[in-house]
Amino acid sequence: MRATENDLPFIMATERREGYEAFVGRWDETRHRKALLDDNHTYFLGVGDSLPIGFVILRGWASAEFVTLVKRIAVVASGQGQGRMLLTAAVDRVFVETDANRLCIGLFPDNHRARRAYEAVGFKAEGIARGSAFFNGEHRDELVMAQLRPEWEKRRSE
Ligand SMILES: CC(C)(COP(=O)(O)OP(=O)(O)OC[C@H]1O[C@@H](n2cnc3c(N)ncnc32)[C@H](O)[C@@H]1OP(=O)(O)O)[C@@H](O)C(=O)NCCC(=O)NCCS
């Protein structure tokens, strides 16, 4: 489901979970509020047993270039298949609700858990974008992963 301003405390607590600081960025409330209300970002909340399990932030929702980015994803309890479930739902929403042709995601190359989860939902590693993330005051390389609409259609029909 779409997240609202009421979900920001949960989203901010989740991106600040211990152990996540090496993998995921953190925004303050002003930054989140701005993104939540602009046309470029879309926030989804994953819910299981009526409790939030994680969130996904997409950037470039219905963009003129037909390219959308998974800007951030985090789940409360990692390694239990919830991220995969949440991302599958978000991927479907992108390709069903918009005309996106490409959905991409950037991750730190040492985030093996995330890579495995992304591969399981159809993302393919494309290469390293050197210095593409500015993270905690440092320029960092990112592994770019993506899936294209025809690949998603094929997966869906299998
Ligand atoms: C990335 C994230 C959303 C993935 O969701 P998740 O629920 O943990 O992922 P899943 O449990 O669906 O899948 C994880 C896979 O990685 C594997 N895995 C777990 N730890 C691993 C490790 N250290 N190295 C390699 N693989 C690992 C799991 O076995 C599983 O694969 P399998 O089912 O094929 O065995 C979640 O881990 C998370 O919130 N991480 C912290 C924030 C983060 O890294 N965000 C992404 C930034 S790009």
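Brief remarks on what is shown
- Considering only 90, 125, 64, the Gaussian network model of the chain with Cα springs below 10 Å gives its largest mean-square fluctuation to 64.
- Normalised contact order of segment 13-72, rounded percent, pairs of Cα under 8 Å and 6 or more residues apart: 22
- The lysines whose alpha-carbon is closer than 24 Å to the alpha-carbon of residue 34, local same-chain residues fewer than 8 away aside, are 71.
- Residue-by-residue Karplus 3J(HN,Hα) for segment 49-64, coefficients 6.51, -1.76, 1.60, Hz, glycine and proline x: 6, 6, 10, x, 10, x, 9, 9, 10, 9, 10, x, 4, 6, 6, 5
- GNM result for the chain, Cα springs below 10 Å: residue of 37, 69, 87 fluctuating most strongly: 37
- Accessible-area composition of segment 5-157, carbon plus sulfur, in percent [1.4 Å probe]: 49
- Karplus-derived 3J(HN,Hα) values for segment 128-143, using 6.51 cos²θ - 1.76 cosθ + 1.60 with θ = phi - 60°, are 9, 9, 6, x, 8, 10, 9, 10, 6, x, 10, 7, 10, 6, 10, 7 Hz; glycine and proline are entered as x.
- Computed over segment 6-158, the convex hull of the alpha-carbon atoms projects to a mean area of 9.3 nm².
- The gain in end-to-end length when the residue 65 to residue 153 segment is fully stretched comes to 29.7 nm, 0.36 nm per residue minus the alpha carbon separation.
- With the whole protein complex present, residue 139 retains an accessible surface near 140 Å², based on a 1.4 Å probe.
- Take every Cα pair under 8 Å whose residues are at least 6 apart in sequence, average their separation, divide by the length of the chain, and the relative contact order is 16 percent.
- Solvent-accessible surface (1.4 angstrom probe) belonging to residue 38, in square angstrom, nearest 10: 60
- Inter-label distance for residue 5 and residue 37, nm, one decimal - labels placed 7 Å from Cα along Cα-to-Cβ: 0.6
- The residues of segment 5-157 expose, per residue, 55 Å² of accessible area to a 1.4 Å probe.
- Residue 133 paired with residue 16, simple spin-label distance in nm, labels 7 Å along Cα-to-beta-carbon: 2.0
The values are calculated or read from the model by the stated rules, or taken from the named source; none is laboratory data. Please read all numbers here as calculations on a predicted model, not as lab measurements. Cβ atoms come from the backbone with ideal geometry, glycine included; neighbour counts cover every protein chain shown. Calculation scope for accessible area: heavy atoms of the full protein, side chains included, ligands and nucleic acids excluded. Shrake-Rupley method; radii C 1.70, N 1.55, O 1.52, S 1.80 Å.
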